[in-house]
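**Q** Have a look at the structure that comes next, please.
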Amino acid sequence: MIRLEGQQCVCKTFQMADAAPLAQLVSQNKDFWGRFEPLHRESYYTTVVQREKIRESIKLLKEQREYSFGIYEKGTHQLVGTISLYSIKRLPFLSGMIGYAVDQQQVGKGYAKEAIALVTAFAFTQVQLNRVEAYVSPYNEPSVYLLSKSGFYEEGYLNQLLYINGQWMDHLLFAQTKSDFTDRLHAKDSST
């Protein structure tokens, strides 16, 4: 298991025992998250399917192709969201994608921002990626703002990228490079 600890949350790679809490989280956020995600079958929201997803994520973790984390509130250990570093490509790319979702009841508390910072640092320092990308709907204004505040910059507009809720949806491409990350760290260090 990989554990990344922040001030208010801990990101831990999923274990089989997380299937029931994960099923509960995705089920209670079905409508909230569904605005920006592809439709899922009803079985997706069950412990059985989430256990299979976790089993697959453990396999991908062992192959160093994907890292799927639960976002847990520090202190209570309550699962408040998910974040993944996925679609990892090795040389000549050394890149990956980041995707995240936070429980509707926990939005605005800083969990997503801290989880993005933890997983981005992990991507650059541990996985040794050179670039991390994120797709976000232009209509998901809080997420666009969050990525901008997290050191990502908008690189482009992707026409009809994902099929969501019966229609093709455009997305923005955000990215951050390792040099962006280290420059921000050095700027932060020199200001303290």
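The values are calculated or read from the model by the stated rules, or taken from the named source; none is laboratory data. Nothing here was measured: the structure is a model prediction, and the numbers come from that model. Here the Cβ positions follow ideal geometry from the backbone for every residue, glycine too, while neighbour counts run over all protein chains shown.
This table checks each residue for (1) touching a Gly at 6+ places or on another chain (Cβ under 6 Å); (2) over 20 Å from residue 32 (Cβ atoms); (3) charged (D, E, K, R); (4) modelled with pLDDT of 95 or more.
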residue: 81; (1), (2), (3), (4): no, no, no, yes
residue: 100; (1), (2), (3), (4): no, no, no, yes
residue: 104; (1), (2), (3), (4): no, no, no, no
residue: 122; (1), (2), (3), (4): no, yes, no, yes
residue: 128; (1), (2), (3), (4): no, yes, no, yes
residue: 131; (1), (2), (3), (4): no, yes, yes, yes
residue: 140; (1), (2), (3), (4): no, no, no, no
residue: 183; (1), (2), (3), (4): no, yes, yes, no
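**Q** Conditions: (1) more than 9 Å from residue 174 (Cβ to Cβ); (2) among the small types (Gly, Ala, Ser); (3) over 13 Å from the mean Cα position of the chain (by Cα). Residue 148 meets all but one. Number of the miss?
**A** Going through the list (1) more than 9 Å from residue 174 (Cβ to Cβ); (2) among the small types (Gly, Ala, Ser); (3) over 13 Å from the mean Cα position of the chain (by Cα), residue 148 breaks only (1).
**Q** With the requirement that a residue be in a helix (DSSP H, G or I) and crowded, with 16+ Cβ neighbours inside 10 Å, what does segment 8-29 give you? Working first, answer last.
**A** Of segment 8-29, the ones in a helix (DSSP H, G or I) are 16-28.
Across segment 8-29, the qualifying residues are 18, 19, 21, 22, 23, 25, 26.
**Q** Would it be correct to say that residue 85 is surrounded by 14 or more Cβ atoms within 10 Å (Cβ to Cβ), more than 26 Å from residue 164 (Cβ to Cβ) and either of a type in the set (Gly, Ala, Ser) or touching a Gly at 6+ places or on another chain (Cβ under 7 Å) (or both)? Talk me through it step by step, then tell me what you get.
**A** Values: surrounded by 14 or more Cβ atoms within 10 Å (Cβ to Cβ): yes; more than 26 Å from residue 164 (Cβ to Cβ): no; either of a type in the set (Gly, Ala, Ser) or touching a Gly at 6+ places or on another chain (Cβ under 7 Å) (or both): yes.
No: the conditions fail for residue 85.
**Q** Which fully enclosed helices (runs of 4 or more DSSP H) of segment 78-192 have 3 or more residues being touching a residue at least 24 places away in the same chain (Cβ under 8 Å) and closer than 25 Å to residue 25 by Cα? Step through it out loud before you land on a result.
**A** Values: elements: 111-125, 141-149, 178-191.
In segment 78-192, the matching helices (runs of 4 or more DSSP H) lie at 111-125, 141-149.
**Q** Turning to a different aspect of this structure: Taking residue 59, is it among the charged types (D, E, K, R) and under 20 Å from residue 126 (Cβ atoms)? Can you show your working first?
**A** Details: among the charged types (D, E, K, R): yes; under 20 Å from residue 126 (Cβ atoms): yes.
In short, yes.
**Q** Of all residues in segment 30-69, which are within 27 Å of residue 89 (Cβ to Cβ), among the basic types (Lys, Arg) and not in a helix (DSSP H, G or I)?
**A** Once the filter is applied, which keeps residues that are within 27 Å of residue 89 (Cβ to Cβ), among the basic types (Lys, Arg) and not in a helix (DSSP H, G or I), segment 30-69 yields only 65.
**Q** Right, here's the next one. So, in segment 30-57, exactly how many residues are surrounded by fewer than 16 Cβ atoms within 10 Å (Cβ to Cβ), hydrophobic (A, V, I, L, M, F, W, C) and in contact (Cβ under 8 Å) with a residue 40 or more places away in the chain?
**A** Selection size over segment 30-57: 2.
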